[in-house]
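What follows is a single structure, written as structure tokens, with notes after it.
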Amino acid sequence: MKKLFSLILSVVMLVTVFAGCSAKKEDNKFIVGFDSEFPPMGFIADDGKYVGFDLDLAEEVAKRLGLEFVAQPIAWDSKDTELASGNIDCIWNGFTITGREDKYTWTEPYMANAQVIVVRNGSDIKSVADLAGKVVCVQKDSSGLAAVEENEDLSNSIAELVQVESYLNSIMELESGAVDAIVMDEIVARYELSNSDADLVVLDVQVSTEEYGVGFLLGNEKLRDDVQKTLKEMAADGTLASISNKWFGKDITIIK
């Protein structure tokens, strides 16, 4: 009886979630969940506005679909709850497909990325093996965390794994000397360090490789298909390349 009740409750929850998604489209809104401390993909500018490469892409997609674009900042470790509750329509913010293939309904990848090591200038850490015995920092529920945990030799060798709310927090921890290294997204690391005076360096070694995509609630194929089609149109007419050039100085997108 308990199993039957649990099954019925699960079905009711799914119906409720999908009904919520439909309601949002009736409201003519495209609500994008993002981490507001994840430059250059999504972050808060000096004037208080939400900006970023992914937000520019999402806003253009919403415009072409005739929807009102809403940038909704979320706590990254609460993203699944936000999506399942219908508070957001998708997660679009340097969101790694690799390792999450079966948890969301995904667009095709639009950008390649890697998890890399960031250290203080002059550090004796030069490779992944050099992290042995060190204190390593990652963002909660991030691909950096997964990259460390899924590498058994690495996870068993480090002295401590510190999890923080955002990568900006991790950079402060590294600058202060509280941790020895960060494992984080290469695109974010290189952008952030090129736009700050932090005496930190990105090592030319990769802990793991991955691809970014837009993640929707599992089964929400209609909205995914609309977004995917629009992204392909933007790639074909040069809009994707133009937005990439704005943020990175070159086209690093991979949609054909």
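A few remarks follow.
- For the chain, the relative contact order is 25 percent, taking Cα pairs closer than 8 Å that sit 6 or more residues apart in sequence and dividing their mean separation by the residue count.
- Which of Leu200, Asn93, Gly122, positive extreme of dipole for the chain (C-beta unit charges): Asn93
- log10 of Debye I(q)/I(0), alpha-carbon scatterers only, for region 65-194 at 0.13, 0.18, 0.20, 0.21 Å⁻¹: -0.60, -1.04, -1.22, -1.31
- Evaluated on region 53-121, the Kirkwood hydrodynamic radius is 14.1 Å, with distances taken between all distinct Cα atoms.
- Cross-link pairs exceeding 30 Å between alpha carbons, from the set Lys79/Lys126; Lys229/Lys250; Lys103/Lys134: Lys79/Lys126; Lys103/Lys134.
- Average accessible surface area per residue within the chain, 1.4 Å rolling probe, Å²: 48 Å²
- Each Lys and Arg contributes +1 and each Asp and Glu -1, all at the Cβ; summed about the Cα centre of the chain, the dipole is approximately 920 debye.
- Taking every alpha-carbon pair under 8 Å whose residues sit at least 6 apart, region 180-256 reaches a relative contact order of 16 percent.
- Carbon plus sulfur fraction of accessible area for region 113-158, probe 1.4 Å, in percent: 39 percent
- Chain lengthening between Glu175 and Ser242 when straightened (0.36 nm per residue, less Cα-Cα): 20.7 nm
- Taking the Cα centre of region 147-203 as reference, the dipole from Cβ charges on Lys and Arg (+1) and Asp and Glu (-1) amounts to some 160 debye.
- Dividing the convex hull volume of the alpha-carbon atoms in region 123-256 by its residue count gives 130 Å³ per residue.
- Pairwise alpha-carbon distances in the chain exceed 25 Å for 46% of all pairs.
The values are calculated or read from the model by the stated rules, or taken from the named source; none is laboratory data. Remember, predicted model here, so these are calculated numbers, not experimental data. A quick note on method: Cβ atoms are made from the backbone with ideal geometry, for glycine too, and the neighbour counts reach across all protein chains shown. SASA here: full protein model, heavy atoms, side chains in, ligands and nucleic acids out. Shrake-Rupley method; radii C 1.70, N 1.55, O 1.52, S 1.80 Å.
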